[in-house]
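S.K.: Input: one structure, supplied below.
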2 protein chains.
Amino acid sequence: MQPPNVVDHSSDRIRIAVDAMGGDFAPANEVQGAGNALKRTNNRFDVVLVGDRTAIEKELASLDAAGLSISIVHAPTVVTMHDSPVAALKQKPDSSLVVGMTLHKERKVDAFVSTSNTGAVTAASTLLLGRIPGVSRPTIGTLFPSDTGYALIADAGAVTDSKPHFLFEFGVMGSIFSEYILGKKNPRVGLLNVGEEESKGDERTKEAYKLFIQRADAVNFIGNIEGRDILKGKADVVVCDGFLGNVLLKFGESVPSFLKAKFKAYADRGIYQKLLMALLRNPLRKIFKDFDYQEYGGVPLLGVNGVTIIGHGRSTPKAIANMILRAEEMVQKKINTHIENTLRELQ
Amino acid sequence: MQPPNVVDHSSDRIRIAVDAMGGDFAPANEVQGAGNALKRTNNRFDVVLVGDRTAIEKELASLDAAGLSISIVHAPTVVTMHDSPVAALKQKPDSSLVVGMTLHKERKVDAFVSTSNTGAVTAASTLLLGRIPGVSRPTIGTLFPSDTGYALIADAGAVTDSKPHFLFEFGVMGSIFSEYILGKKNPRVGLLNVGEEESKGDERTKEAYKLFIQRADAVNFIGNIEGRDILKGKADVVVCDGFLGNVLLKFGESVPSFLKAKFKAYADRGIYQKLLMALLRNPLRKIFKDFDYQEYGGVPLLGVNGVTIIGHGRSTPKAIANMILRAEEMVQKKINTHIENTLRELQ
């Protein structure tokens, strides 16, 4: 039986739409990821795969998909990395991104997961879903490794030219995500700056500092932190403008390949060095993996009136399964209600 | 014979003043560094040690300093890391920093080298020496390791809230330093941004991009680069606002200790792992050293009407010797004349 091209949302079950065409290995990894997520949870929720029906069905056939709560909504075109984010929404209304996000807008699904063009997913979410009342700008929160686990960086690239109160809101949203999804108790929120003193920084950051102090009940604000404090795990939530966050994120992601080249040059010096490096291959891989944010199951776009999880184009089926499970958790734990209530109380 | 407390600058020899009291191990490391620099160059230039005469003489006595072209100028107080940069200049006019910088202002010395409070050295340089004509803000240029050698980041923390034309000037100054001091031919100047396209970035960076394009003869502008391109060595000079540069610099410096902790945790897993890590100690140390900017002999403050080299408080004698030699090179190669001429031609 062919799955219907409409989504039945009459039940109480959570429904997650997955952009089946977004990633570099679409739809194979998306379909496998969806299958894995449902198998791991015994079909605890429904997945709606959005994209080219024929291609998706072909992948489903190669999967042992019988009994999985998967349906398909057909969307014939794809937004690529080369599309201009906002223009793509108009030019490709029948893309998996726009069709999937529209399902979410119409509340036919509870969340949307995509490994497509980050800018386009952010634009589609903001324009179609709108913002949670009280939120000035949605923020991308990305996980960085640290000595004590992980730190959430907000904003990691959704917003440049932030106003000071955007930074304050990033702190509030990041704190809620950190508490409810990452399980941190009373998350420590640090403002990324060039020094610890209140007087340090650019105008934006100095003003944001004042807002955090004035509204001390909003989050557990630990003050300014410096670039060296991120990996040390000094804060659970690191607040900054998205320009800085994006540069930092991409810099961090490039550290492993820089080090790998160094280790390779060392191995090339001789047979002894080569042997030593061969013995180290596995521990090094594990250590470097910490810098790769796709391992954490995608990043949330916090502040939109819905649940959007964005992943790397090269996401593995495992990473996509993690993204889907995270989306489910965000729906279940009503993250947006917490954000709305917290920001309302502060007004 | 006690060295005189005045500086004789009647000869053509280059004279470098060294803040002998600035670092964490002052004056020991400063005095040893000065001695090393002069021994390595057969007294090619003169060093003036500025600071507590008794303490400096004690260190000189423990050094084989006979025949070295070192003189002392007494300064009884010290600017510390806890002093507010600008206030310190007024409150401590007899500090090694202010006395030494004043010698430079009066052209009794040709350069000043300090491992004191970076903010205070920057403030003293800017206020006492003034700026090169055409320079809006002096910039700290710091070296980052890369796959192809080193990249100079400007600005690394001297200027926040940069105007777009500051960024353009950072590019010009960085390019000249990269060419004359670091020996790069036609240095590639990249503008640090969140994407490669011209339309990307915050307002400041988009405007700066236009300036680089409009004045295409000024530097070899290769366009926008991203955070991941720095370690890849895509640019010889990476231009950004000092807020971003400072956070990035401190983040980069923290990478080795983060990785060391990971390697240590691995070693603690058993005797085999401990042995493997012991064998790796030296290569790891060498690889991590690349992230430590003091190894490069301090950082220049480009754009002041003089030559200022700033080093880490914990600089070793070797690092201080390198700073002194770099200062000599900057004087000899007339870096400031090149900056002034280039910026004049652009007006």
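S.K.: Please work out the ratio of the alpha-carbon Rg of segment A:30-122 to 2.2 N^0.38 Å and round it to two decimals.
M.R.: Dividing the Cα radius of gyration by 2.2 N^0.38 Å gives 1.10.
S.K.: Another question about this same structure. Excluding B:Asp229 itself, what net charge comes from residues whose Cβ is under 12 Å from its Cβ, given Lys and Arg +1 and Asp and Glu -1?
M.R.: Once all neighbours under 12 Å are counted, the net charge is 0.
S.K.: Please give the net charge around B:Gly35, taking every other residue with its beta carbon less than 14 angstrom from that of B:Gly35, where Lys and Arg add +1 and Asp and Glu add -1.
M.R.: Computed value for this residue: 0.
S.K.: Considering the Cα positions of segment A:107-230, please state its Rg to one decimal place and its Dmax as a whole number of Å.
M.R.: 15.1, 49
S.K.: If you don't mind, there's one more thing I want to ask. Put +1 on the Cβ of each Lys and Arg and -1 on the Cβ of each Asp and Glu in segment A:24-148; which of A:Ile56, A:Pro76, A:Ala88 then has its Cα farthest toward the positive end of the dipole?
M.R.: A:Ala88
S.K.: Still on this structure, I have one more. In the neighborhood of A:Ala154, defined by Cβ-to-Cβ distances under 13 Å, what is the net charge if each Lys or Arg adds +1 and each Asp or Glu adds -1?
M.R.: -3
S.K.: So, one more: How large is the convex hull of the Cα atoms of segment A:253-344 per residue, expressed in Å³ as a whole number?
M.R.: Residue-normalised Cα hull volume stands at 118 Å³.
S.K.: Would you calculate, for chain B, the mean residue ellipticity at 222 nm contributed by helices, counting each DSSP H stretch of 4 or more residues as -39,500 (n - 2.57) and dividing by all residues, to the nearest 500?
M.R.: Mean residue ellipticity at 222 nm (helix-derived): -13500 deg cm²/dmol.
S.K.: Can you list which of the trypsin sites (Lys or Arg not before Pro) found in segment B:247-347 are DSSP loop residues with at most 13 other C-beta atoms within 10 Å?
M.R.: Qualifying residues, ordered by number: B:Arg269, B:Arg314, B:Lys334.
S.K.: Under 10 Å, Cα contacts only: if you run a Gaussian network model on chain A, which one of A:Ser175, A:Ser136, A:Ser11 comes out with the highest mean-square fluctuation?
M.R.: Among A:Ser175, A:Ser136, A:Ser11, the largest GNM mean-square fluctuation belongs to A:Ser11.
S.K.: What whole-number distance in Å separates the alpha-carbon centres of segment B:308-322 and segment B:63-138?
M.R.: So the two Cα centres are separated by 14 Å.
S.K.: Under the definition of Cα pairs under 8 Å and six or more residues apart, what whole-number percent is the relative contact order of segment B:36-108?
M.R.: Result for segment B:36-108 is 31 percent.
S.K.: Provide A:Phe112, A:Phe243, A:Phe263 in ascending order of the number of other Cβ atoms located within 10 Å of each residue's Cβ, fewest first.
M.R.: A:Phe263, A:Phe243, A:Phe112
S.K.: A follow-up question, please. Please give the average number of partner chain Cβ atoms lying within 10 Å of the Cβ of each residue in B:238-246, rounded to a whole number.
M.R.: 4
S.K.: Of all the C-alpha pairs in segment A:133-188, what % are more than 18 Å from each other?
M.R.: Tail of P(r) above 18 Å: 31 percent of Cα pairs.
S.K.: Then there is this: Evaluate the Debye formula for chain A with equal point scatterers sitting on the alpha carbons, no solvent, and hand back log10 of I(q)/I(0) at q = 0.11, 0.12 Å⁻¹, in q order, two decimals.
M.R.: -0.74, -0.86
S.K.: If you don't mind, another one. Going 7 Å from Cα along the Cα-Cβ axis for the label, what nanometre distances separate B:Lys318 from the same residue across the other copies?
M.R.: In nanometres, ordered from closest: 4.1.
S.K.: Identify which of A:Gly223, A:Gly190, A:Gly174 has the largest mean-square fluctuation in a Gaussian network model of chain A, with springs joining Cα atoms closer than 10 Å.
M.R.: Fluctuation is largest for A:Gly223.
S.K.: Still on this model: Can you list the HN-Hα couplings for segment B:141-147, worked out from phi with the Karplus curve (6.51, -1.76, 1.60; θ = phi - 60°), rounded to whole Hz and with x for Gly and Pro?
M.R.: x, 10, 8, 10, x, 8, 4
S.K.: Per-residue mean of other chain beta-carbon atoms within 10 angstrom of the beta-carbon, peptide B:198-206?
M.R.: Across the residues of B:198-206, the mean count of other-chain Cβ atoms within 10 Å is 3.
S.K.: Under a 5 Å amide H to amide H cut-off, with H placed in plane at 1.01 Å, what residues pair with B:Ser146 once short-range neighbours are removed?
M.R.: So B:Ser146 has HN proximity to B:Ala151.
S.K.: Choose one of B:Ile181, B:Ile339, B:Thr205: the residue whose Cα lies farthest towards the positive end of the charge dipole of the protein assembly as shown (beta-carbon charges +1 Lys, Arg; -1 Asp, Glu; about the Cα centre).
M.R.: Sorting the options by dipole projection puts first B:Ile181.
S.K.: Taking every residue in A:256-262, how many Cβ atoms of other protein chains lie within 10 Å of its Cβ, on average?
M.R.: Going residue by residue through A:256-262 and averaging, the value is 5.
S.K.: Something else now. What dipole magnitude, in Debye to the nearest 20, does the protein assembly as shown give about its Cα centre under +1 on Lys/Arg Cβ and -1 on Asp/Glu Cβ?
M.R.: Charge dipole, the protein assembly as shown, about its Cα centre: 1520 debye, nearest 20.
S.K.: Would you work out the relative contact order for chain A, in percent, from Cα pairs under 8 angstrom that are 6 or more residues apart?
M.R.: 22 percent
S.K.: Taking the convex hull of the alpha carbon atoms in segment A:225-286, what volume per residue do you get, in Å³?
M.R.: 98 Å³
S.K.: Ranking A:Lys185, A:Lys232 by Cβ neighbours within 10 Å, fewest first, what do you get?
M.R.: So the residues, fewest neighbours to most, are A:Lys185, A:Lys232.
S.K.: Between B:Thr80 and A:Asp12, what is the spin-label point distance in nm, taking each point 7 Å from the Cα along the Cα→C-beta axis?
M.R.: A separation of 6.5 nm, rounded to one decimal place.
S.K.: While we're on this one: Tell me, what does the Kirkwood hydrodynamic radius of the protein assembly as shown come to in angstroms if you use every pair of distinct C-alpha atoms?
M.R.: 27.3 Å
S.K.: Pick out which of B:Val194, B:Val172, B:Val109 has the largest mean-square fluctuation in a Gaussian network model of chain B, springs linking Cα atoms closer than 10 Å.
M.R.: Looking only at B:Val194, B:Val172, B:Val109, the biggest GNM fluctuation is shown by B:Val194.
S.K.: Select from segment A:179-254 those GluC sites (Glu not before Pro) which occupy a DSSP coil region and have at most 16 other Cβ atoms within 10 Å, ordered by residue number.
M.R.: The qualifying sites are A:Glu196, A:Glu197, A:Glu198.
S.K.: Evaluate the charge dipole of chain A about its Cα centre and quote only its size in Debye, nearest 20, assuming +1 on the Cβ of each Lys and Arg and -1 on the Cβ of each Asp and Glu.
M.R.: 780 debye
S.K.: Related question: Exposure proxy check: A:Ser95, A:Ser84 ranked by fewest other beta carbons within 10 Å?
M.R.: Ordered by Cβ neighbours within 10 Å, fewest first: A:Ser84, A:Ser95.
Quick note: the coordinates plus some simple rules give every number you see, no bench work behind them. Keep in mind that this is a model prediction, so the values were computed, not measured. With ideal geometry, Cβ positions are generated from the backbone for all residues, glycine too; neighbour counts draw on all protein chains shown.
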